[in-house]
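Trainee: I'd like to ask some things about the structure below.
The values are calculated or read from the model by the stated rules, or taken from the named source; none is laboratory data. Fair warning: this is a prediction, and the values are worked out from it, not measured in the lab. Cβ placement follows ideal geometry from the backbone for every residue including glycine, while neighbour counts extend to all protein chains displayed.
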Amino acid sequence: MDYLRRLQERLRVAHEFTRQAQASLGVRQKRTYDTRCRGQDLAPGDRVWIYCPSRTKGVSPKLRSHWQGPGEVRQRLREVVYRVRRPGRGSVVVLHRDQLAPYRPLAQPAVEAADEVLVPRSPRDSPGAPGGTPKRTQRRWRGPPYLKDFLIAGDG
């Protein structure tokens with residue numbers, strides 16, 4: 001029984017030591033991360049893009065934009081933490097600076113003149129095909145030399 005009590009006490013001391021060391025390391029890592037956070041300072045009223053990497057079933061995440069916007073900065077809480085109103089629902093969330101980007105509207109495609117009528121071109125109108133359908137190449141496939149002793153489908 002004496003062995004069991006000593007073991008429990010040693011485990012409790014080791015656990016307490018580890019917990020304190022981990023807490024101090026976490027604070028140091030956060031401070032280092034925040035000092036390296038880049039980007040211009042945001043002021044209340046600024047419009048921002050909000051990084052929101054949500055997944056939707058049936059939509060490829062590679063082709064989806066993970067930025068939503070424009071949101072509006074409501075308040076700067078700390079050096080790199082902001083209170084932001086989200087677009088659409090209008091809910092207010094607290095976000096780190098690395099999840100925000102200054103809002104610039106997406107470029108709109110140029111609109112063509114309305115009086116221009118576009119007529120679909122037929123294959124005969126294309127400049128590369130004077131006779132209608134393009135001709136098949138006259139080049140004959142010979143196959144690799146190491147197969148010259150074998151009969152390949154399509155050979156005479």
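Trainee: Quick one: in region 53-67, which of the residues that are hydrophobic (A, V, I, L, M, F, W, C) and part of a loop (DSSP other than H, G, I, E, B) is nearest to ASP34 (Cα to Cα)? Let's see the steps before the verdict.
Mentor: Going through region 53-67, the residues hydrophobic (A, V, I, L, M, F, W, C) turn out to be 59, 63, 67.
From what's left, part of a loop (DSSP other than H, G, I, E, B): 59, 63.
On the way: VAL59: 33, LEU63: 30 Å.
Going through the qualifying residues, I end up with LEU63.
Trainee: Related question: Condition first: outside any helix (DSSP H, G or I), under 13 Å from GLN99 (Cβ atoms) and at pLDDT 90 or above. Can you find one or more residues in region 68-76 that meet it? Write out each step before concluding.
Mentor: The first filter runs over region 68-76 and keeps only residues outside any helix (DSSP H, G or I), leaving 68-76.
From what is left, the residues that are under 13 Å from GLN99 (Cβ atoms) are 68-69, 71, 73.
Okay, now just the ones that are also at pLDDT 90 or above, so 71, 73.
The answer is yes; a qualifying residue exists.
Trainee: In region 40-52, which residues are surrounded by 10 or more Cβ atoms within 10 Å (Cβ to Cβ) and either at pLDDT 95 or above or over 17 Å from VAL94 (Cβ atoms) (or both)?
Mentor: ARG47
Trainee: Evaluate the following for ARG55: is it in contact (Cβ under 8 Å) with a residue 12 or more places away in the chain and either farther than 17 Å from GLU79 by Cα or not assigned by TED's automatic domain parsing to the domain that holds GLY90 (or both)? Reasoning before the result, please.
Mentor: Values: in contact (Cβ under 8 Å) with a residue 12 or more places away in the chain: no; either farther than 17 Å from GLU79 by Cα or not assigned by TED's automatic domain parsing to the domain that holds GLY90 (or both): yes.
So ARG55 does not fit the description; no.
Trainee: Continuing with the same structure: Conditions first: (1) free of Cβ contacts under 8 Å to residues at least 12 places away in the same chain; (2) under 18 Å from the mean Cα position of the chain (by Cα). GLY26 passes all but one, so which condition is the exception?
Mentor: The number of the failed condition is (2).
Trainee: Answer yes or no: is there a residue in region 113-132 that is surrounded by 11 or more Cβ atoms within 10 Å (Cβ to Cβ) and modelled with pLDDT under 90. Let's see the steps before the verdict.
Mentor: At the first step, the residues of region 113-132 found to be surrounded by 11 or more Cβ atoms within 10 Å (Cβ to Cβ) are 126, 129.
In the following step, the residues that additionally are modelled with pLDDT under 90 were identified as 126, 129.
Within region 113-132 (the criterion being surrounded by 11 or more Cβ atoms within 10 Å (Cβ to Cβ) and modelled with pLDDT under 90), the answer is yes, since at least one residue qualifies.
Trainee: So which of ALA21, ALA43 ends up being over 24 Å from the mean Cα position of the chain (by Cα) and within 22 Å of LEU106 (Cα to Cα)? Step through it out loud before you land on a result.
Mentor: On the way: ALA21 fails: within 22 Å of LEU106 (Cα to Cα).
Only one candidate qualifies: ALA43.
Trainee: Here is a follow-up. Would you check if ASP155 is charged (D, E, K, R) and either loosely packed, with under 10 Cβ neighbours inside 10 Å or at pLDDT 65 or above (or both)? It would help to see each step written out before you state the result.
Mentor: Numbers: charged (D, E, K, R): yes; either loosely packed, with under 10 Cβ neighbours inside 10 Å or at pLDDT 65 or above (or both): no.
Considered against the rule, which asks whether it is charged (D, E, K, R) and either loosely packed, with under 10 Cβ neighbours inside 10 Å or at pLDDT 65 or above (or both), ASP155 comes out as no.
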